[in-house]
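Report on the following structure.
The values are calculated or read from the model by the stated rules, or taken from the named source; none is laboratory data. Note that the coordinates shown come from a computational prediction; the quantities given were computed from them, not determined experimentally. Positions of Cβ are backbone-derived with ideal geometry, glycine not excepted, and every protein chain shown enters the neighbour counts. Ligands, DNA and RNA are stripped out before the accessible areas are found, and what is left, the full protein with its side chains, is counted by its heavy atoms. Shrake-Rupley method; radii C 1.70, N 1.55, O 1.52, S 1.80 Å.
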Amino acid sequence: SSGINAEWPLRPGVETVFVHPVRALPPVAVKEWPVTIGDGFVGDKRLCILEETGLRLKHKNTKSVDLYKVKVALQGDSPKSKIVLSYNGKDDLVIDPKSYDKRTSPIEEHDAKYVYVGDKESQWLSDIVGRKVRLMFCPYSLSDGSDNIPSGKDNVHILGIPTLDDFREFTNKRVEVDRFRPNITSTHHKSLDELRKWKRIRIGTVELEVDHGTERCLITCLTNGGSWDPDIFESLKRWAPRDPKSNKPLMGSYFKVLKPGIIRKGDVIVLMQ
């Protein structure tokens with residue numbers, strides 16, 4: 001099946017599918033991607049950048065923002081595809097998932113276990129950030145069967161294009177979708193439906209159930225290419241619904257996987273509940 005359904009213009013559907021091979025770096029648009037129970041989007045954000053303190057890197061200064069000028073590509077459309085990072089003035093960095101995803105010697109940092117990817121990869125990123133960082137892989141389960149606390153394990157993140165368009169109208173700005181880092185953008189439904197109305201949905205053969213609304217933070221000020229606009233987050237605080245506990249603005253939702261499969265661009269989204 002191509003995933004392009006003739007009913008798509010008449011019903012909610014998948015407009016774009018995104019995967020984030022490296023947390024804190026730009027996403028890659030793909031035609032399709034496997035989804036599993038527990039992992040969500042397979043391989044999504046499983047690579048992350050750690051400071052020397054062992055904490056994940058935050059975009060708190062301009063050098064860190066430079067990381068979002070890195071271009072990310074995949075040599076294929078699967079979680080096993082090699083990841084290619086490009087940055088102006090540097091040779092491309094090619095990362096092969098096969099080189100680290102079976103290792104069994106984790107490093108523990110702040111209650112999470114990681115596998116060190118390598119010196120070459122870490123130095124490439126350190127040169128851009130301007131200080132020493134490490135590129136790490138966070139396995140959800142180690143190949144020796146030991147338990148692991150995943151770092152930033154996410155469910156499937158869906159953001160409606162009607163919701164984004166509504167926010168764009170509020171701000172009177174061209175607000176890029178990559179600011180919000182979704183796995184799926186959906187279309188042909190009402191603004192905020194994915195947050196307020198969708199409880200259980202089916203996309204192709206994949207079944208999903210809402211887990212929680214997506215709390216937004218200052219990262220929404222950063223877009224692909226490294227541009228920074230602090231007014232985006234301030235506008236979100238004025239426009240978006242708030243989480244009743246944290247009081248943070250909500251835009252989009254995370255869904256847990258009830259039935260695995262492959263999600264394709266153009267799939268119809270069926271509301272089951």
Residue identified as open to solvent by 40 Å² or more (accessible area, probe 1.4 Å) and modelled with pLDDT of 90 or more among 58, 31, 102, 63
31
Any idea how many residues of the stretch 152-169 are in a loop (DSSP other than H, G, I, E, B) and open to solvent by less than 20 Å² (accessible area, probe 1.4 Å)?
0
Tally up the residues in the stretch 182-241 that are assigned to a helix (DSSP H, G or I) and either among the acidic types (Asp, Glu) or within 28 Å of residue 72 (Cβ to Cβ) (or both), please.
13
So residue 227, is it closer than 22 Å to residue 178 by Cβ and open to solvent by 20 Å² or more (accessible area, probe 1.4 Å):
yes
So, residue 113, is that one basic (Lys, Arg), at pLDDT 85 or above and farther than 23 Å from residue 254 by Cα or not?
no
Filter result (open to solvent by less than 40 Å² (accessible area, probe 1.4 Å) and either in contact (Cβ under 8 Å) with a residue 24 or more places away in the chain or touching a Leu at 6+ places or on another chain (Cβ under 7 Å) (or both)) within the stretch 69-83
70, 72, 74, 81, 83
Is the stretch 123-141 home to any residue that is open to solvent by 20 Å² or more (accessible area, probe 1.4 Å), out of contact with any strand residue (DSSP E or B) (no Cβ under 8 Å at 6 or more places or on another chain) and either at pLDDT 95 or above or under 21 Å from residue 29 (Cα atoms) (or both)?
yes
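Table: residues versus (1) in contact with a strand residue (DSSP E or B) (Cβ under 6 Å, 6 or more places away or on another chain); (2) open to solvent by less than 40 Å² (accessible area, probe 1.4 Å); (3) within 23 Å of residue 247 (Cα to Cα).
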| site | (1), (2), (3) |
| --- | --- |
| 171 | no, yes, yes |
| 175 | no, yes, yes |
| 187 | yes, yes, no |
| 190 | no, no, no |
| 194 | yes, yes, yes |
| 200 | yes, no, no |
| 212 | yes, no, yes |
Extreme residue, most open to solvent (accessible area, probe 1.4 Å), among residues of the stretch 230-260 that are more than 18 Å from the chain's Cα centre (by Cα) and of a type in the set (Gly, Ala, Ser)
246
